[in-house]
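Taking it in order: structure first as structure tokens, then the write-up.
The values are calculated or read from the model by the stated rules, or taken from the named source; none is laboratory data. A quick note: this is a predicted structure, and the numbers were derived from the prediction, not measured. So basically every Cβ, Gly included, is an ideal-geometry build from the backbone, and we count neighbours across all protein chains shown. Ligands, DNA and RNA are stripped out before the accessible areas are found, and what is left, the full protein with its side chains, is counted by its heavy atoms. Shrake-Rupley method; radii C 1.70, N 1.55, O 1.52, S 1.80 Å.
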Amino acid sequence: MKTTTLRITGMHCASCAANTESALKKLPGVIQASVNPATEKATIQFDPAVTGEIRMKKAVEEAGFGVALNEANFGILGMHCASCAKVIEEALTNTEGVHSAAVNLASETAAIKYNPELTSLSALKKVIEKSGYQAMSRVSGSVDQEKAARARAERNLRLRMIFSFSLAIPTFILMLVSPFDMETTHWILLALTAPVQFVIGAPFYVGTFKALRNRRANMDTLIAVGTSAAFVYSFLVTLHIFEGDVYYDTSGLIISIVLLGRWLEERAKGRTSEAIKKLVGLQAKTATIIENGQEKQIPVDEVESGQIVAVKPGEKVPVDGIITEGYSAVDESMLTGESLPVEKKTGDSVIGATLNKTGYFRFKATEVGAETALAQIIKLVENAQASKAPIQRLADIVSGFFVPVVIGIALVTFLVWFLAGGQSFIFALTAFIAVLVIACPCALGLATPTAIMVGTGKGAQNGILIKSAAALERAYKVNTIVFDKTGTLTEGHPAVTDIVPLNGWKSEDALNLAAAVEKNSEHPLAAAVVEAAGKKVLNPPQEFEALSGLGVKARIDGWDILLGNSLLMQQNGIRTVDFEAILSRLENEGKTVILMAVNQQMAALIAVADRLKESAPETIASLQSMGIETVMITGDNRLTAQAIGRKAGIQKILAEVLPQDKSTEIGKLQSAGKVTAMVGDGINDAPALAKADIGIALGSGTDVALESGDIVLVRNDLRDVVEAIQLSRYTIRKIRQNLFWAFIYNTLGIPVAAGILYPFWGIQLNPIIAAAAMGLSSISVVVNSLLMNRYRMGKQRSHGKS
């Protein structure tokens, strides 16, 4: 039996605690559960063979509450293959209090969710170090330290590789031609190779020992066993214990080539995180604050919320805030993608890392440090890059038993050739070493995360924030996209679309008179009329009366004016029958029509509607051309909804749906076998966004951490829905290419190394060539992922502007 403690969030009373306690007790394997509403803690006694913290957390959440978990991120040094990542991941997962752990070989990071009541950052760090690797907490102020540590590790690797080649190449030359007798040559070769094998190659032995201590075998094991076999046999020949040729060059060159491959791989892997580096590079380094009326320059990390910050022309805005003084034009292209600067005045918000182009202004800091829009973007991208896609599970499973299987194949190969095949000991040993050296679990481990890193980074640079690798993979499968209407397909506020003057009135005069009447009204339709008139507004009404459910009645400069619906006109005896056809046409287009009468005679019909976004028809057409069904969901009446749907090009309309029922409609589509994405504003549509297979939230630029969406479109551009789906499809295509090459390489390479071609064509693979091929396989996977940087995004936006 085990006992655990969970911190529960969202409880308000004893009844909440009782509900939580009841939910926990219903779980199989839970012996006892008690919840204290005062401390907000649940103490659970349970059978770990039957249940665990993940199921407990789910039970609490289904009861309507939350479990407080902390997140930790570590940079990890010393990993060389998927098996290394697996060792760390299993060690963390098996640690008490750890809810989940994902170790990314490509980014060399670990993302952990843990219960702070049961474990701590220092304890998690010790778990990683006990597994044989170096862990660095990724907290504020540690980025430069981690960067320096990685630079030192890469520099050390490069020096080891150069020193190794400086000894291995002379060894290779002496093996081909030597001015000395054989006895002397062998001892010289031993002297050259020993430092490579036991000094330069020492980390392979250390890695093997650490892996075996964790009851696993890894890439280091294969290299250590293979090169040791060649070296030990050669040494025994040198001592005249065995007779035959020596293979010192095989030992030295294999280590040198493996180190070269790792160094090239490290450099290539570093480039997969270019997106993060570019985002971090956007940040301002310093800020000018106003202190006692004087300007003072401080590091941007020291800016506090509430301080007044000054920004001069040409400077970057250091943090997020609200302008208190001044006027300027700010380039926000890094966040919005719009090339034209945005005019800013007192009361407007500014975003950290944007560029002040012209004027001088001061602003009050509202979000600083980790709370700024850019910091939130960077955090989202880092979390996405550290997460695992479901498609990676196969590679993880294979890498778990890959090395032991390869060692087994190598031993069988040796025995078959030496005992059953009638070949010499040297032939069998060569095949044994070639099998060990050519096998490469690294390529399998890098296939998925490198592509995920580049794909999510590419999206972030273009205003598409994909929160996890799983979301990226699910987006690839989407075949039905549901759009909310108001604020998503439409602008989100009504505007005047048509003015039909009647009985000799001019459009402008009718609009201005209507605006004069509506000037002081707070009704959304009234605001649309006033906005359409602009500043050309006549005198305010001398008399004004709001008529509930009908409209308004006013008197201006001797004119008696009625503004409202058909019923208002009927009640006042005003003839509208002559204009019914026009009225019906406008209403069939989904518009609300305001009837205007002056002095008992019809003067104009003013149509108001929530206008469709310009990008909506283009977006819908692009999705349909990709084979994706589009659906619109709205609470509006069917007539208005169908009119908007026709304009957008959407055939399937779900109208008159209450906000709380939208998620039910999503569920119906899923029950019909549809893989759904829901596109909404992330506020009113939160339940539907959460219910859909993929929630796509339109962000506002400053609120990028919308919890309701799996994908956040920072630029608020509908065309980015198409971009997100296309990026997902492209990334999954790259992952499949990587996995194919990783699997096919090992599927073909290991049999060739084992000598399958020898009986037919007399071809036996040299272990040195096998080592080169092994290194090339990992590099090719990483390079294939890096080619994703050539992928051109923004095609939808550029097409729309052309």
Going through region 380-401 in order, the residues found to be assigned to a helix (DSSP H, G or I), open to solvent by 20 Å² or more (accessible area, probe 1.4 Å) and touching a residue at least 40 places away in the same chain (Cβ under 8 Å) are L380, E382, N383, P390, I391, L394, D396, V398, G400
Do you know which residues across region 293-305 are at pLDDT 90 or above, out of contact with any Ser or Thr (no Cβ under 8 Å at 6 or more places or on another chain) and either closer than 17 Å to Q376 by Cβ or in a loop (DSSP other than H, G, I, E, B) (or both)? V303, E304
Selection within region 44-62 - buried (at least 19 other Cβ atoms within 10 Å of the Cβ), of a type in the set (A, V, I, L, M) and farther than 24 Å from L121 by Cβ: A59
With in contact (Cβ under 8 Å) with a residue 60 or more places away in the chain and surrounded by fewer than 16 Cβ atoms within 10 Å (Cβ to Cβ) as the only criterion, which of A153, A91 stands out? A153
Filter region 1-45 for residues that are closer than 14 Å to E96 by Cα and modelled with pLDDT of 85 or more and give the result. I44, Q45
Out of (1) more than 29 Å from S387 (Cα to Cα); (2) of a type outside the set (F, W, Y); (3) part of a loop (DSSP other than H, G, I, E, B); (4) modelled with pLDDT under 85, the odd one out for S107 is which? (1)
Residue set S83, S107, S100; condition open to solvent by 40 Å² or more (accessible area, probe 1.4 Å) and polar (S, T, N, Q); output residue S100
In the list N599, N572, which residue meets the criterion of being in contact (Cβ under 8 Å) with a residue 40 or more places away in the chain, surrounded by fewer than 21 Cβ atoms within 10 Å (Cβ to Cβ) and farther than 16 Å from T497 by Cα? N599
Step by step: first the residues of region 611-669, then only those that are charged (D, E, K, R) and open to solvent by less than 30 Å² (accessible area, probe 1.4 Å), then the one that is nearest to Y476 (Cα to Cα). Which residue is that? K662
Among the residues of region 158-184, write down those that are in contact with a helix residue (DSSP H, G or I) (Cβ under 7 Å, 6 or more places away or on another chain), assigned to a helix (DSSP H, G or I) and surrounded by fewer than 18 Cβ atoms within 10 Å (Cβ to Cβ). R158, F163, P170
Tell me, which residue of region 480-494 that is part of a helix (DSSP H, G or I) and closer than 9 Å to T634 by Cβ is modelled with the highest pLDDT? L489
Looking at E367, is it surrounded by fewer than 17 Cβ atoms within 10 Å (Cβ to Cβ), touching a residue at least 24 places away in the same chain (Cβ under 8 Å) and within 30 Å of I112 (Cβ to Cβ)? no
Considering region 487-536, residues that are of a type in the set (S, T, N, Q) and crowded, with 16+ Cβ neighbours inside 10 Å, and then whichever is farthest from the chain's Cα centre (by Cα), we arrive at N512
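Each row is one residue, and each column tells you yes or no for (1) at pLDDT 85 or above; (2) under 17 Å from P195 (Cβ atoms).
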{"site": "R213", "(1), (2)": "no, no"}
{"site": "A217", "(1), (2)": "no, no"}
{"site": "T221", "(1), (2)": "yes, no"}
{"site": "A224", "(1), (2)": "yes, yes"}
{"site": "S228", "(1), (2)": "yes, yes"}
{"site": "V232", "(1), (2)": "yes, yes"}
{"site": "G252", "(1), (2)": "yes, yes"}
{"site": "L259", "(1), (2)": "yes, yes"}
